[in-house]
Amino acid sequence: MQLNSVALIGRLVRDPDLHSEGTSKPWAVIRLAVPRTYVGGEGRKRESVAFIDAITWGRRAEAAAKWLTKGRLVLVRGYLETRSFVRRDGERAEVLRIQVEDLQFFPDAPGMAGEAPEPEPEEVGD
């Protein structure tokens, strides 16, 4: 059996970056900061943060660009993909990123950006 599925909850590192060049559908890059708390070898509580890029397409990309801003809490579900490219210095490189199949916007905490919290997460589909 093979399985390529990922679900992450994190905060946006920056506003989504909407693109339309080179494809028939708009696409957006969202970068998440995903925290992790664990107990280190010495028994002390530790925290780390992973920064993950995710790509979303079509109406979902347009909604992300319209409604999401830096710091917003989101749930991303999708699958991992590796993309190979040549850097400006001529070296080959690979990045691991998420192709988004489901994106949910969570309410902001009360007092964030002066807005009242929303009642439930909003699901955006194609």
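Computed from the coordinates by the stated procedures, all read-outs in this text should not be read as laboratory data. The shown structure was predicted, so the numbers you read here are calculated from the model rather than taken from an experiment. Neighbour counts are summed over all protein chains in view; Cβ atoms, including those assigned to glycine, are modelled from backbone coordinates with ideal geometry.
Its Kirkwood hydrodynamic radius, worked out from the mean inverse distance over all distinct Cα pairs, puts region 6-124 at 15.8 Å.
Each residue, R11 and K25, gets one label point 7 Å from its Cα in the Cβ direction; the gap between the two is 3.0 nm.
Remark: spin-label model distance E47-W67 equals 2.7 nm, labels positioned 7 Å along the Cα→Cβ axis.
How high is the relative contact order of the chain, given as a whole-number percent (alpha carbon pairs under 8 Å, six or more residues apart)? Could you put the intermediate results ahead of the total?
Values: 269 pairs, mean separation 30.9, N = 126.
So the answer I get is 24 percent.
Counting only DSSP H runs of at least 4 residues, each contributing -39500 (n - 2.57), and dividing by the residue count of the chain, the helix-based mean residue ellipticity at 222 nm comes to -2500 deg cm²/dmol.
By the beta-carbon count within 10 Å of each Cβ, the least crowded to most crowded order of T56, T82, fewest first, is T82, T56.
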